[in-house]
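Here is the structure we will look at, set down as structure tokens.
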């Protein structure tokens, strides 16, 4: 059973996540189902191995959930292998998000990147979403008209526009800017909607 996308907003309230929960959500599986049924796939095993490697190499920040000692004090800082074995490890979501952004291929799981929860094509969705995509495509065409840097042939270059937006966002808001690094995907989909809605028109240079 796949998790409802509107439940992901509750995961946003936590700054940390258990390893098994992260793997389940990465695979669009409800963590409750994963734990209750002992469900696993080859893909999940591969993702687990990737995350464990990142933990061992220090590329993911984590902390010990801890155990309560005999005098009520919380004991922490156990070795990584023990934390993994006893399911006491909490991954910091900010570091997990940065890890995804640095992957050599694009993978933006919805539980970390809220912009990926939006439908890429608004079939049957709100008219406002469709109009937003149209407006975005028009802005892309305006940029392409203003400079060859943002154009490929007679069309806007979504990748170049996305890179420019990400760089500008970083300058304005700092390094931890959610959503802008995958903005080129949104622009690509907006241009597809533009072409679909206006099949017999051409954007004049």
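The values are calculated or read from the model by the stated rules, or taken from the named source; none is laboratory data. A quick note: this is a predicted structure, and the numbers were derived from the prediction, not measured. All Cβ positions, even for glycine, are placed from backbone atoms using ideal geometry, and neighbour counts span all protein chains on display.
Within region 188-205, is there a residue that is surrounded by 18 or more Cβ atoms within 10 Å (Cβ to Cβ), at pLDDT below 75, outside the structural domain of residue 101 (by TED's automatic domain parsing) and touching a helix residue (DSSP H, G or I) at 6+ places or on another chain (Cβ under 8 Å)? Checked region 188-205: no residue is surrounded by 18 or more Cβ atoms within 10 Å (Cβ to Cβ), at pLDDT below 75, outside the structural domain of residue 101 (by TED's automatic domain parsing) and touching a helix residue (DSSP H, G or I) at 6+ places or on another chain (Cβ under 8 Å).
Report whether or not residue 59 is in the same structural domain as residue 108 (by TED's automatic domain parsing), within 15 Å of residue 89 (Cα to Cα), in a helix (DSSP H, G or I) and modelled with pLDDT of 80 or more. In short, no.
Select, from 68, 32, the only residue that is touching a strand residue (DSSP E or B) at 6+ places or on another chain (Cβ under 7 Å), loosely packed, with under 14 Cβ neighbours inside 10 Å and at pLDDT below 80. First the steps, then the outcome.
Working: 32 fails: touching a strand residue (DSSP E or B) at 6+ places or on another chain (Cβ under 7 Å).
Answer to the selection: 68.
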